[in-house]
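Just below is one structure, and these are the notes that go with it.
The values are calculated or read from the model by the stated rules, or taken from the named source; none is laboratory data. Source: prediction; values computed, not measured. Because the Cβ atoms are built from the backbone with ideal geometry, glycine has one as well, and the counts that use them run over all protein chains shown.
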Amino acid sequence: MATRYDPQAAEPRWRDAWAETDLFRTKTPAEAGDAPKAYVLEMFPYPSGRLHMGHVRNYAMGDVVARHRRAKGYNVLHPMGWDAFGLPAENAAMERGIDPGKWTYANIDAMRAQFRKLGLSLDWSREFATCDPDYYGAQQALFLKFLEKGLVYRKASKVNWDPVDNTVLANEQVIDGRGWRSGAVVEQRELTQWFFRITAYADDLLTEVQKLERWPEKVRTMQANWIGKSEGLQMTFHFAGPAPAGFEAGIDVFTTRPDTLFGASFVALSPDHPLVVQMAEKSEELKAFRAKCAQIGTSEEAIEKAEKLGLDTGLTVAHPFIEGATLPVWVANFVLMGYGTGAIFGCPAHDQRDIEFARKFGLSVTPVVLPPDTDPAEFRVDDKAYTGPGRIFNSGFLDGLAIDEAKRVAIARIEAAGQGKGAINYRLRDWGFSRQRYWGCPIPIIYCDDCGAVPAPMDSLPVRLPENVSFEKPGNPLEHHPTWKNVDCPKCGKAARRETDTLDTFVDSSWYYARFASIRDPAERAYWLPVDQYIGGVEHAVLHLLYSRAFARAMRDVGELDLPAGEPFAGLFTQGMVTHETYKSADGKWLEPDAVEKRDGAWVETATGAPVEAGAIEKMSKSKKNTVDPDGIVATYGADVARWFMLSDSPPERDVEWTQSGVEGAGRFAQRVWSLADSLSDAPYPAPGEDAASLDLRRVSHRAAKAIDKAIEDFRFNSAIASIYEWVNALKKAEQSDGLLGARAEAISMLARCLTPFMPHLAESVWERIGGKGLVSAAAWPEAEAALITDDTITLAVQVNGKRRGEISVAKDLGNDAVEAAAKALPEVEAFIAGKDVKKTIVVPGRIVNIVVA
RNA sequence: GCCUCUGUGGUGGAAUGGUAGACGCGGCGGAUUCAAAAUCCGCUUCCGCAAGGAGUGCCGGUUCGAGUCCGGCCAGAGGCACCA
């Protein structure tokens, strides 16, 4: 009597069995012996309190890799923890009066329970949350070591201020002029902040990212662009007339186009340039101009319009190469204080911004780069700057040189004159990581009126967050706490104050991977790192992944970490999102998938029967109400089915659309697999037969095992799953033939092992049903027998003039001449070559025959 | 504007330069059933009765052979963006 597989009964039973044997606890290096190590890590979650489908997909992928590696004999580290600091906890405190810590730990408990139901092969003994005092205390120690090494410093600067979240944001956290979390338009404020000197590693971060072969090309380019290296010249323009006080030396500019110096027609300063700030004190006109520039702000719209504003300062500077020539000095809104020196020279003929500026304000335009095959007399620049290749002209000693050569010569001339130097500039800025929030890692600094900023003593760590804070007042609760900030100066003992800023939560996630590796034994850090396979969303391509790479270098420089090339993540995979169709009622309200159904081919609201418009397929989000709750899916279909469907439908790097029918298909498949095992008699089974049918089935099995193995290695989980489907279909068919029991039993034993990474619970049930030894989660990957994955006879396609006309079956090692003859003898081929002149025949052994006729 | 990626049936997607459309979803047909559900089996790129022809966003090239390589376009997605 056929039985059905019941995931609700089976899944908890197997999870208990894994827990009892502590199956996924990593071995120590000594226990592991010769086994290679594999550190498989998925980006750890923020404990929002609820799992979503994106989590299921992310962690299902990681689990496939971890379980596969384990089966292949690796000592696997596959940990889980919580990125637990952050604003949502404070928002909950404000809205509902709950303590952020209690709220967070309750969420962690809820999510851990959900995670456990997924059957992930995690080593829970290494679990921690970033809000654990142990963790953030260690982080404070790191901060102090960085400070000592000069990698952390404090300075006053203009910062991005989020008026809704009441905190500073890093440049990386400002998206289109808005806060990445709040969406509020970001303001500029002058504040004293702690900075991480990420620019110290700019060059290394750029060089090494190019070498990360197991990272997606996309992420590598994104990081390279973000770092933004420019090589050029930094030089000084001397004033032609009397220099303003304090600027006797002249004006420094940075340029990547020293070859176009002869085409310079003006120098432009940023409205925030110190010289402009100084002059504005005595000039109402300049003051007004600065205000006007500041107004435009950084909003998307403002930059889109990009109207060029300018004001002539009346100052002039001397041209470095042309005796007696002078250039006017302007203030221009398009010159940014934060990049280079905050001043440029403008060469309108060969820079689009400069030409727009020059045309608007009537400045001269001198072309100095002549495009190839162009008559100098014919060459004009109107409103479009010429930025292509060519030869230098109108340029004295640079005439006739190619652009690159001219750059070198110009730089050499400026250097010889002592007026400047070849220089490299980066777009990357230091990371301001102070945040004016409560729920974060306290910065271990004490301010003393006499001693200044004093590091908290190492033995006073962790500097703990106070409990019983009030969220009544806006602003930083630590600032408002009655006693917490009052401490004595560690140096002089006088009354002093704690730093009330906390660290950006991106600091917490910049080194957690190292904590997992060393939480049991500090000596294991070197054994486990780097992470062999890191998996997460592409939205972290710049922020988290860049910070982590920089942190790994900083940790190396303070003796905390020793990594080849400084890289923490040897392999990176960025998975796509989970999407779902959206539904809208006639009055424009979003409807949940559960509230609608299809009747007679049209979508209607289940409750009312009112028509529903099925809309775009978008990322699951609460606002569009197109989310599907993993708990419900797990309760209905089981964790295996949810995992399977997440991986089956799309390549892992692409988005996958969640569909009801797809999940049902996955559920059907699970039953089908069960039926294969269920239809076998009880073990023991005979050895596979030697007959042709048995051999055929064995070939299918051994080839499938190999194909699945390879596809998992290559992160082609959807292809691995397709191979499993084919295999199962073949096994289903084999049920109808007699005498295949041995081959079928062998196949199902192999299938159980190949299925384990994807559907671990079902695989255990199948394994148990066929009398497998121990747990299949602990079993080795089935090795394909070489003799069974090669064929004696092969099928070759036969083409005439590149078009397929038939196929032949021949012995594998048949000679080319014989193959050719067999191909030509095919009736369907003969029809196409009869009476024609066969010019040549290409025989690709094992592949194809192509007969070329006139 | 610059950079990166992606374009294949009704649909998600397979194809080391070698039989395009594996596998899933959907659809159609059949078996089983009193009937249904479940399950099982088959068919399913387009045109054509067929022989055959066409076909991987568009145009061209390399090759015996191109979805795949090269050049030029078009469209969509993502990233960066007044970065000198």
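In table form, for the structure just shown:
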read-out: Scope the stretch A:365-383; condition within 16 Å of RNA strand B (Cβ to nearest atom), in contact with a strand residue (DSSP E or B) (Cβ under 8 Å, 6 or more places away or on another chain) and part of a loop (DSSP other than H, G, I, E, B); matching residues; value: A:Val368, A:Pro372
read-out: Residue within the stretch A:756-774 that is of a type in the set (Gly, Ala, Ser) and at positive phi present; value: yes
read-out: Qualifying position, being touching a helix residue (DSSP H, G or I) at 6+ places or on another chain (Cβ under 9 Å) and surrounded by fewer than 21 Cβ atoms within 10 Å (Cβ to Cβ), among A:Ala541, A:Ala610, A:Ala570; value: A:Ala570
read-out: Flag if A:Val634 is touching a residue at least 40 places away in the same chain (Cβ under 8 Å), within 24 Å of A:Ala730 (Cβ to Cβ), of a type outside the set (Phe, Trp, Tyr) and crowded, with 22+ Cβ neighbours inside 10 Å; value: no
read-out: Filter result for A:Leu142 (among the aliphatic types (A, V, I, L, M) and assigned to a loop (DSSP other than H, G, I, E, B)); value: no
read-out: Residue within the stretch A:64-76 that is crowded, with 24+ Cβ neighbours inside 10 Å and more than 23 Å from A:Met759 (Cβ to Cβ) present; value: no
read-out: Residue that is touching a Pro at 6+ places or on another chain (Cβ under 7 Å), within 30 Å of A:Thr260 (Cα to Cα) and surrounded by 15 or more Cβ atoms within 10 Å (Cβ to Cβ), where the choices are A:Ile411, A:Ile445; value: A:Ile411
read-out: Every residue from the stretch A:714-744 that is of a type in the set (Gly, Ala, Ser) and either within 18 Å of A:Arg69 (Cβ to Cβ) or out of contact with any Ser or Thr (no Cβ under 9 Å at 6 or more places or on another chain) (or both); value: A:Ser719, A:Ala720, A:Ser723, A:Ala734, A:Ser737
read-out: Condition check for A:Arg643: in contact with a Gly (Cβ under 9 Å, 6 or more places away or on another chain) and modelled with pLDDT of 95 or more; value: yes
read-out: Residue list for the stretch A:198-238, filter: near RNA strand B (Cβ under 10 Å from one of its atoms), aliphatic (A, V, I, L, M) and part of a strand (DSSP E or B); value: A:Leu233
read-out: Residues of the stretch A:632-657 that turn out to be acidic (Asp, Glu) and under 17 Å from A:Met759 (Cα atoms), as a count; value: 2
read-out: Sole exception among (1) within 16 Å of RNA strand B (Cβ to nearest atom); (2) in contact with a Pro (Cβ under 9 Å, 6 or more places away or on another chain); (3) within 30 Å of A:Asp203 (Cα to Cα); (4) in a helix (DSSP H, G or I) for A:Arg353, by number; value: (2)
read-out: From A:Leu398, A:Leu309, residue being more than 16 Å from RNA strand B (Cβ to nearest atom) and crowded, with 16+ Cβ neighbours inside 10 Å; value: A:Leu398
read-out: Set A:Ala707, A:Ala711, A:Ala693: member being surrounded by fewer than 16 Cβ atoms within 10 Å (Cβ to Cβ), free of Cβ contacts under 8 Å to residues at least 60 places away in the same chain and either touching a Ser or Thr at 6+ places or on another chain (Cβ under 7 Å) or farther than 23 Å from A:Ala786 by Cα (or both); value: A:Ala693
read-out: Pairs with Cβ under 9 Å, 6+ apart, first in the stretch A:262-283 and assigned to a loop (DSSP other than H, G, I, E, B), second surrounded by fewer than 18 Cβ atoms within 10 Å (Cβ to Cβ) and of a type in the set (D, E, K, R); value: A:Pro271/A:Lys292; A:Asp272/A:Lys158; A:Glu281/A:Lys287
read-out: Residue in the stretch A:608-618 that is under 32 Å from the mean Cα position of the chain (by Cα) and not hydrophobic (A, V, I, L, M, F, W, C) present; value: yes
read-out: Boolean, A:Phe345 is modelled with pLDDT of 90 or more, of a type outside the set (Ser, Thr, Tyr), in a helix (DSSP H, G or I) and more than 37 Å from the chain's Cα centre (by Cα); value: no
read-out: Scope the stretch A:448-490; condition assigned to a loop (DSSP other than H, G, I, E, B), within 20 Å of A:Asp134 (Cα to Cα) and aliphatic (A, V, I, L, M); matching residues; value: A:Ala456, A:Leu461, A:Val463, A:Leu465
read-out: Matching option when the condition is over 19 Å from A:Ile403 (Cα atoms) and within 16 Å of RNA strand B (Cβ to nearest atom), among A:Gly362, A:Gly340, A:Gly346; value: A:Gly340
read-out: One residue from A:Ala38, A:Ala66 being outside any helix (DSSP H, G or I), touching a strand residue (DSSP E or B) at 6+ places or on another chain (Cβ under 8 Å), aliphatic (A, V, I, L, M) and in contact (Cβ under 8 Å) with a residue 12 or more places away in the chain; value: A:Ala38
read-out: Selection count where residues are under 30 Å from the mean Cα position of the chain (by Cα) and away from RNA strand B (no atom under 11 Å from the Cβ), scope the stretch A:707-739; value: 4
read-out: In the stretch A:412-441, residue farthest from A:Gln234 (Cα to Cα) [restricted to those that are among the charged types (D, E, K, R) and either within 15 Å of RNA strand B (Cβ to nearest atom) or part of a strand (DSSP E or B) (or both)]; value: A:Arg435
read-out: Of residues in the stretch A:157-178 being among the hydrophobic types (A, V, I, L, M, F, W, C) and in a loop (DSSP other than H, G, I, E, B), the one farthest from A:Leu428 (Cα to Cα); value: A:Val164
read-out: Strands (runs of 3 or more DSSP E) wholly inside the stretch A:761-854 containing at least 2 residues that are over 30 Å from A:Leu118 (Cα atoms), within 13 Å of RNA strand B (Cβ to nearest atom) and without any contact (Cβ under 8 Å) to a residue 24 or more places away in the chain; value: A:793-800, A:803-811, A:838-844
read-out: Single unsatisfied condition, A:Glu172 versus (1) out of contact with any strand residue (DSSP E or B) (no Cβ under 6 Å at 6 or more places or on another chain); (2) charged (D, E, K, R); (3) closer than 18 Å to A:Glu567 by Cα; value: (3)
read-out: Long-range neighbours under 6 Å by Cβ, at least six apart or interchain, first residue at negative phi and assigned to a helix (DSSP H, G or I) within the stretch A:719-735, second surrounded by 14 or more Cβ atoms within 10 Å (Cβ to Cβ) and polar (S, T, N, Q); value: A:Ile721/A:Ser648
